[in-house]
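The values are calculated or read from the model by the stated rules, or taken from the named source; none is laboratory data. Please read all numbers here as calculations on a predicted model, not as lab measurements. In this analysis, Cβ positions are derived from the backbone assuming ideal geometry, glycine residues included, and neighbour counts consider all displayed protein chains. Remember, those area values only see protein heavy atoms, side chains included, never the ligands or the DNA or RNA. Shrake-Rupley method; radii C 1.70, N 1.55, O 1.52, S 1.80 Å.
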Amino acid sequence: MPASNTSDKYNRIIDALETLLLEKRLPSISVSEIAQAAGIGKGSIYYYFSSKEAILEALVERSYKKPIEIASSLVEQTDVSPFTRMATIFQACRKSSTAFSARQTEAAPQESAFLRQKYMRYLMEQLKPVLTTIIEQGIEQGFVQFERPAALAEIVLIVLTVKLDNTMAPSSPEEIEDTIRGLVSLVEKGTGNPAGSLNFLMNF
C-alpha cells in the first residue's frame, strides 16, 4: 500500500471522529459510524487503530503535534535563553488551543468539556518533561535560580493551560492578563530575575 494512501486513510479516520464529535458524545459513536463517515470499510479501521479510544488519542496528538515538535526541538537550542524558549512553546500552544476552540463551537457542552480535559492532560504530560529540562538548562547556565525545576514547570503549565482553555475558570481578557502578569512576577522572584525582566513572556 503506498505511503500516501496510508496517510490519507489514517487522517480520514481521525477527521471522521472529529466531525462526529461535533454531533454526538464519544460513548454513542460506533466504529461502524466512524468507518462510514470516513468512507472506508469497518475492517480498515482496525488496520490503523486498535479501538475507538485509540482514534481519539490520535486526534489529540495530531491537534498538538506542532507545539510538541517545537518544544522538542527547543530543548537542543541551549544558546537561546530558557525563557525565550518557554515563550515560544507557549505561543505555539496558544495557536493550537485557539484552533481547537474554533472547531469545538458546535459540540455539546459535556462532550466539549471532556475533549478539553483530554487535550489539557496531553499537553501537561508532553510538555512538563520538556519544560523541566529547559529550566534545568537555565539553572546550569545561571539564568535560573530554583531548586525544584519539575515543580516550577508544572505550576507554569497548570496556570497557562487553564487560562488558554478559559472554560474551567472563565475569565475576561483583563483577568487573564492580570493572572499571567502575576505568574510572570512570581517566576521572576522565584528564579532570581529582576522585576520586569521577563515581561516579554506576556506577549504569548
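Observations on the model:
- Using the rule -39500 (n - 2.57) for each DSSP H run of four or more residues, divided by the residues of the chain, the 222 nm mean residue ellipticity is -23500 deg cm²/dmol.
- Point-to-point label distance, A151-V80, nm (Cα→Cβ direction, 7 Å offset): 2.9
- Total formal charge among the other residues, if their Cβ is under 14 angstrom from that of L198, Lys/Arg +1 and Asp/Glu -1: +2
- With DNA, RNA and ligands ignored, accessible area of V162 (1.4 Å probe; Å², nearest 10): 30
- Ranked order, Y122, Y46, Y10 - accessible area, probe 1.4 Å, largest first: Y46, Y10, Y122
- With at most 15 neighbouring Cβ atoms within 10 Å, loop GluC sites (Glu not before Pro) (DSSP) excluded, longest segment of the chain: 148-204
- For the stretch 31-73, the Kirkwood hydrodynamic radius comes to 11.5 Å, computed from all pairs of different C-alpha atoms.
- Principal-axis tilt of helix 82-103 within the chain, Cα atoms, nearest 10 degrees: 30
- Nearest-0.05 FRET efficiency for F200 and S172, computed from C-beta distance (R0 22 Å): 0.45
- The structure-derived value of Cα extents along the principal axes in Å appears in the list (i) 53, 33, 30; (ii) 48, 40, 29; (iii) 60, 39, 24 under the label (iii).
- Dipole moment magnitude, nearest 20 debye, the chain about Cα centre, only Lys, Arg, Asp, Glu C-beta charged: 440
- Of the residues S32, Q137, S51, the one whose Cα sits farthest toward the positive end of the charge dipole of the chain, with +1 on the Cβ of Lys and Arg and -1 on the Cβ of Asp and Glu, is S32.
- J(HN,Hα) series, the stretch 20-27, from Karplus relation 6.51 cos²θ - 1.76 cosθ + 1.60, nearest Hz, glycine and proline x: 5, 5, 6, 10, 9, 7, 3, x
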